[in-house]
There are 2 protein chains.
Amino acid sequence: MTDLAQRRVTIPGRRQRVTISDLAESLGLAKGTVSRALNGYPDISESTRLRVKHAAEAMGYSPLSHAQAIRTGVVRSVGLVLQTTEHDGHRPFLASFLAGISEAASEADWSLTLATASSNEDTERVLGRLVGAHKADGFILPRTYMDDPRIDFLKKNHVPFVLFGRTRDPEGCAWYDIESEVAIEEAVCILYGLGHRRIGFVPGRDGYTFSELRLEGYRSGLAMCGLPDAPELIGQGALNPEAGEAAARELLTLENPPTALVFSADRAAFGGYTAAETLGLKIGRDVSVVSYDGLLEGGMLSPALSTFSVDMRQAGVRLTELLIRRIRGEAPEDLRELAQARFVARGSHGQPSMSPAELARRVSKELKSQGRN
Amino acid sequence: MTDLAQRRVTIPGRRQRVTISDLAESLGLAKGTVSRALNGYPDISESTRLRVKHAAEAMGYSPLSHAQAIRTGVVRSVGLVLQTTEHDGHRPFLASFLAGISEAASEADWSLTLATASSNEDTERVLGRLVGAHKADGFILPRTYMDDPRIDFLKKNHVPFVLFGRTRDPEGCAWYDIESEVAIEEAVCILYGLGHRRIGFVPGRDGYTFSELRLEGYRSGLAMCGLPDAPELIGQGALNPEAGEAAARELLTLENPPTALVFSADRAAFGGYTAAETLGLKIGRDVSVVSYDGLLEGGMLSPALSTFSVDMRQAGVRLTELLIRRIRGEAPEDLRELAQARFVARGSHGQPSMSPAELARRVSKELKSQGRN
DNA sequence: TCTGTTGCCGAAACCGGTTTCGGATCTTCT
DNA sequence: AGAAGATCCGAAACCGGTTTCGGCAACAGA
């Protein structure tokens, strides 16, 4: 007995489910005929089609999707592998994302097969398992990298997929993405419009496509406003509060510090609040902050975080629709869609209350007084 | 052509997947023999079993789970229907819950089929759809009610399930639950130990089993400490910040107000912070707060919320293990498990700084001064 | 009237597995 | 040596659907 033997399960109540043969028999038709009637084949007369349809409803018949799948090769399920590591920012809006996917899937009478993984390697393993057993007909790939091994794997195995994000080589890829670079650009312009002239930026983590795009957005924002490109104003990558705090502190203790900070991610911005506090600065007054993600928790901070909000439910819906179309054979080039984030102005940004020089003096005084204690 | 016709999908690349027949042919065996070898039947010699196993690995064979399901009746998938309504508190720890389920499912080579619904009625509809197409072999039912229609439905259809929670009639039910009533009881005792003598309680919403249990926990906590049962100290049910604020405000503006509040849910406690602020009270000093859920966001508040933390990953793992055993035929009575929440002492509770009478004076003075403005 | 079409359905193969049944070999015992 | 078991595997049925193929009947056209 190998371990496989133990995997087998006994059939429980074996309750009597209405099969297509039952239905056919009670109608006096061949089961093939019933199948074609239910699936809308043109060689079935309208009258029998209706007769079958009504009988099916009356008898409560619904086909087993896996029985259909054995012949059609389609299990009517979209796959999603989530990475649940700490620095993973999509946890907060996970519920609405899943709701969007599930909603769109239900609409087409599909379902969602979900799995989680703890690392990039694990993700590939899990993906391999799901593909191997054909648990899903295609996959939504969240948080894509510029060079993404998942894409290579799925391409090689001819498994349909759609990216939530973009990637370096668009060949064969369908996607839906939020143009966060546009949002970051807008953030810079908003701050410029309020009078800020030194605007710092805390990027995301290397590798993620969105990180590079947001950095581009920052640069193009500066260019649009006629501000010089000052490399020292670009902090270290951060996607969580700890890293965000470190990055913000580094920027705010520069000799010529920024009076406003733009964060790539809300969770990093949360750390920015801590950094400001420890430097004796009040966000929204002494230093402006604009961020990206639109997390609800940002509203609980004081002042509430100004941020670009993303409609994750809608993202889930669109991704699912695109994926199903992709599975049905449409070309990936025709399945690409971009959307915009929406600015939620709350209390963390405003006009600069001091010049960079004054800010620097404030900070160094505060640091000195802390040093004495 | 009915709408059903459009649902059919074309088979794409039709890539050549290794079937059990391929494997059998290349081994010179009958496919039935190969199947029995892989599934550990005792009538296969050890030598052929190994030969088959190695060949399967070499050729990269993995059975289609839906092809197996057609004969065995088991699709190797656990089902979960989440309700994503606003007042739904489990959104924040959803990721770890799902990770737990997925992890335990993978361990047994099962997968997770997830769906969402927007209301109780919708939940039943979605559940019906999944059961109808046999998308899962059994279900995890989160957030159970004392009288839960989902339970009736699944029982009637002989579909295995396991509760995350408890219910009025335990007949035929397997479950895993956190004894939150014990936690609430402990919360009362902790506050009593610090010197509080009037301790208010904000329950959850009617219907949920956990709400009633936590209320019981509150009462038994009072009894254990020898405190009288004062009905006016029990606020209105609240599971979100808005309702929590209203409930807390009502309690704190009593003639003889509590100096400490116990909340059934963190999200309600968040509203308690707002209520305290608007009444000019500082949580942790003027009024103590202890809550339940262990949300990470509570740590971002100032002072950080003292709360009972629940290991949702572990809950997911145990629920899945219990469900799979249930599906394999074990009796529900043998599949019941309770666990405890863990107290996370942070900054929102402490010794009372004033008597209820002084507190009442403070509050009424604050209200008057607000009235004048 | 005879021949094509066309419309409609039955019969059977098929999908990729699992499970039952029976039979051939190989031991073991008398 | 012959009979009785035990061991191991092949053949075929089966699960619940889908799809192909062919034939019958009705109808149209010549």
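Where a number appears in this text, it was derived from the coordinates with a stated rule and is not lab data. This one's a predicted model, so the numbers in the text were calculated from it and none came from an experiment. Positions of Cβ are backbone-derived with ideal geometry, glycine not excepted, and every protein chain shown enters the neighbour counts.
Overview of values
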{"item": "Length-normalised contact order for the range A:278-373 - Cα pairs under 8 Å, 6+ apart - percent", "result": "42 percent"}
{"item": "Pair-distance profile P(r), taking every C-alpha pair of the range B:17-63, with 10 angstrom steps and integer %", "result": "31, 62, 7"}
{"item": "Position A:SER353, label points 7 Å along Cα→Cβ, spacing to each other copy in nm (shortest first, one decimal)", "result": "2.4"}
{"item": "B:ASP169, B:ASP43, A:ASP311, B:ASP148 arranged by Cβ crowding within 10 Å, fewest neighbours leading", "result": "B:ASP43, B:ASP169, A:ASP311, B:ASP148"}
{"item": "Binned Cα-Cα distance frequencies in chain B - 10 Å width, integer %", "result": "5, 20, 24, 18, 14, 9, 6, 3, 1, 0"}
{"item": "Long-range Cα-Cα pairs in the protein assembly as shown (distance over 33 Å), rounded percent", "result": "59 percent"}
{"item": "Nonlocal amide H pairs with B:GLY235, under 5 Å, H built at 1.01 Å", "result": "B:PHE201, B:VAL202"}
{"item": "Gyration tensor verdict on the range B:183-292 (Cα atoms; rounded if a/c is under 1.5, prolate if a/b is larger than b/c, oblate otherwise)", "result": "oblate"}
{"item": "Exam field: B:ASN157 pseudo-label spacings to other copies (7 Å along Cα-Cβ), nanometres", "result": "2.9"}
{"item": "Spatially proximal lysines relative to A:LYS365 (Cα-Cα < 30 Å; intrachain offsets below 8 disregarded)", "result": "A:LYS282, B:LYS282"}
{"item": "Centroid-to-centroid separation of the range B:116-142 and the range B:327-342 [C-alpha atoms, Å]", "result": "21 Å"}
{"item": "Other-chain or far-sequence residues with amide H under 5 Å of B:SER111's (modelled H)", "result": "B:SER77, B:VAL78"}
{"item": "Shape category assigned to the range A:220-283 from the gyration tensor of Cα positions, a/c cut at 1.5", "result": "prolate"}
{"item": "Sequence of B:SER288, A:SER119 once ranked by neighbouring C-beta atoms within 10 Å, starting from the fewest", "result": "A:SER119, B:SER288"}
{"item": "222 nm mean residue ellipticity, helices alone, for chain A (DSSP H n ≥ 4; -39,500 (n - 2.57); rounded to 500)", "result": "-14000 deg cm²/dmol"}
{"item": "Ranked by how many other beta carbons lie within 10 Å on average, peptides B:97-106, A:245-254, A:22-31, A:342-351 from highest", "result": "B:97-106, A:245-254, A:342-351, A:22-31"}
{"item": "Beta carbon of chain B nearest to the axis of the rotation taking B to A, residue and angstrom distance", "result": "B:HIS66, 2"}
{"item": "A:THR259, B:THR167 arranged by Cβ crowding within 10 Å, fewest neighbours leading", "result": "B:THR167, A:THR259"}
{"item": "Residues with amide H under 5 Å from that of B:TYR145, placed H, sequence gap 5 or more", "result": "B:THR209"}
{"item": "Using a 7 Å Cα-to-Cβ projection, A:ASP43 label spacings across copies, nm, ascending", "result": "4.1"}
{"item": "Inter-part distance where the range B:35-71 and the range A:148-179 are each reduced to a Cα centre, Å", "result": "33 Å"}
{"item": "Low-density loop cleavage sites - GluC sites (Glu not before Pro) in the range A:309-373, where at most 10 other Cβ are within 10 Å (DSSP)", "result": "none"}
{"item": "Lysines with Cα under 21 Å of B:LYS156, excluding same-chain neighbours fewer than 8 positions away", "result": "B:LYS135"}
{"item": "Eligible lysines near B:LYS31 by straight Cα distance, threshold 20 Å, same-chain separation 8 or greater", "result": "B:LYS53"}
{"item": "Top of B:VAL131, B:VAL52, B:VAL159 by mean-square fluctuation, Gaussian network on chain B, Cα under 10 Å", "result": "B:VAL52"}
